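Chemist: Got a structure here, written out as structure tokens. Questions coming.
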Amino acid sequence: MHRYSQITIAIHWLTVALVVVAWFTAVGGRHARTDPSYVHFTVGLAVLLLVIPRLLARRLGAAPRIEDPQNPWLDLAARAGHTLLYVLLIALPLSGWYAASRLGVPVSFLGVGLPSLTAAVQGAPGEIADLHETAGTLILWLAGLHALIALWHQFVLKDRTLERMNPMAPSDLSGNHR
Ligand code: HEM
Ligand code: HEM
């Protein structure tokens, strides 16, 4: 059995928690300008920050190879789904930062002020802000589907997929990477 490195596993579960908190603390409409949620900004930017070491760890070979994939199409679908999740983990915080800049709301991360990504406007913040809102909900649906598929692998196909992301599972990463 091959699993992800401890650093990747830790970042995976921390990211899950941050995305859920970002979703619950999100405010849209009028309140986004008058009463913005700084917790939303902070946890959302933490997601962006964590994606960097995660992708680096992946690049350095921390993604275990699927042993004997049952179906190449399913393997391809899994890769496409994971890629889309990564795209959202990057695009969501950036589009949120852009939306806040359009709204004229200052953005900071743990007390450090960040520059505006664009000039503020008076009216609606525009399409990127709309996209941010839609993508914010899409990631939860996609992650829910992703979790269901992982559970199906674990309990129906019994191929121990879940253990690949389990920090407690016995480790025998032997250098096989996909
Ligand atoms: C994983 C990260 C994030 C998720 C899942 C997420 C999710 C969401 C969702 C679902 C909404 C819509 C809320 C509603 O309509 O009631 C929203 C709005 C918003 N978010 Fe995020 N967000 C994330 C990161 C960020 C970041 C990093 C920032 C800023 C630095 C940000 C700034 C905003 C702003 C300004 C709005 C209001 C947009 C508008 O009203 O047009 N978000 N977010
Ligand atoms: C916001 C929620 C989530 C996000 C954004 C997310 C994201 C990801 C991504 C991007 C990968 C691919 C890792 C790589 O190969 O580099 C992954 C793998 C994985 N995730 Fe999640 N995930 C979420 C929630 C969950 C949940 C709730 C579960 C458990 C039920 C789960 C179980 C797994 C497992 C087992 C893998 C390894 C799959 C494999 O190697 O084929 N994830 N996740």
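The values are calculated or read from the model by the stated rules, or taken from the named source; none is laboratory data. This one's a predicted model, so the numbers in the text were calculated from it and none came from an experiment. As a convention, Cβ positions derive from the backbone with ideal geometry for all residues, glycine included, and neighbour counts pool all protein chains shown. For accessibility, only protein heavy atoms count, side chains too; no ligands or nucleic acids. Shrake-Rupley method; radii C 1.70, N 1.55, O 1.52, S 1.80 Å.
Chemist: Can you give me the % of accessible surface on the stretch 6-165 that is carbon or sulfur? Probe 1.4 Å, all protein chains present, nothing else counted.
Modeler: Answer for the stretch 6-165 is 71 percent, counting heavy atoms of protein chains only.
Chemist: Now, a different point. 5 Å is the cut-off here: which amide hydrogens, built 1.01 Å from N in the peptide plane, fall below it relative to Val107, excluding neighbours closer than 5 in sequence?
Modeler: Here the answer is Leu114, since their amide H atoms fall under 5 Å of that of Val107.
Chemist: Let me ask something else. Residue by residue through the stretch 131-142, what is 3J(HN,Hα) from phi via Karplus (6.51 cos²θ - 1.76 cosθ + 1.60, θ = phi - 60°)? Round to whole Hz and write x for glycine and proline.
Modeler: My calculation for the stretch 131-142 gives 4, 4, 4, 5, 5, x, 7, 4, 5, 5, 5, 5 Hz in order.
Chemist: Would you mind checking the tilt of helix 6-25 against the longest principal axis of the Cα atoms of the chain, expressed as 0 to 90 degrees and rounded to 10?
Modeler: Its long axis makes an angle of about 40 degrees.
Chemist: On average, how much accessible surface per residue is there in the chain, in Å², for a 1.4 Å probe, leaving out ligands, DNA and RNA?
Modeler: In whole numbers, the chain has 61 Å² accessible per residue.
Chemist: Using 0.36 nm per residue, how much length does the chain from His12 to Ala119 gain when fully extended, once their Cα-Cα distance is taken away?
Modeler: Extending this stretch completely gives an extra 35.1 nm.
Chemist: Rank by packing, highest mean first: peptides 142-148, 158-164, with packing defined as the count of other Cβ atoms within 10 Å averaged across residues.
Modeler: Highest-to-lowest ranking by the protection proxy: 158-164, 142-148.
Chemist: Okay, next question. On the first, second and third principal axes, largest extent first, how far apart are the outermost C-alpha atoms of the stretch 6-165 in Å?
Modeler: The principal-axis extents, from largest down, are 56, 26, 22 Å.
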